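What follows is a single structure, written as structure tokens, with notes after it.
Just so it is clear, none of the values below were taken in a lab; they were calculated from the coordinates. Since the structure is predicted, the reported quantities are computational estimates derived from the model, not experimental observations. With ideal geometry, Cβ positions are generated from the backbone for all residues, glycine too; neighbour counts draw on all protein chains shown.
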């Protein structure tokens with residue numbers, strides 16, 4: 001089992017989601033109500049939810065595992081801090097919760 005799975009998942013989802021959102025921009029300002037837009041919105045909604053869950057997993061793993069997770073705390077914090085400025089409120093909220101669970105271990109991982 002790869003111990004870096006949560007961090008790798010967040011990075012992979014971030015890249016895919018940014019591409020989806022960039023491709024979904026509408027230059028003329030009008031909304032087309034065709035089926036392809038609904039499919040794209042469903043995909044983006046699913047992406048946001050999966051990203052939230054991956055972020056939450058980082059915080060939960062850190063909280064549950066404790067000391068054995070210390071080597072992964074700096075990399076996890078790096079990923080979380082990149083996501084704190086995300087456009088999606090739900091993602092920023094998940095990042096804030098995950099940071100609250102991860103930051104207390106940061107001082108131990110730097111020692």
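Listed values, structure above:
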{"quantity": "Packing-based ranking, highest mean first, of 48-59, 85-96 given that Cβ atoms within 10 Å are counted", "calculated": "48-59, 85-96"}
{"quantity": "Full-extension gain in nm, residue 92 to residue 78, via 0.36 nm per residue minus C-alpha separation", "calculated": "3.6 nm"}
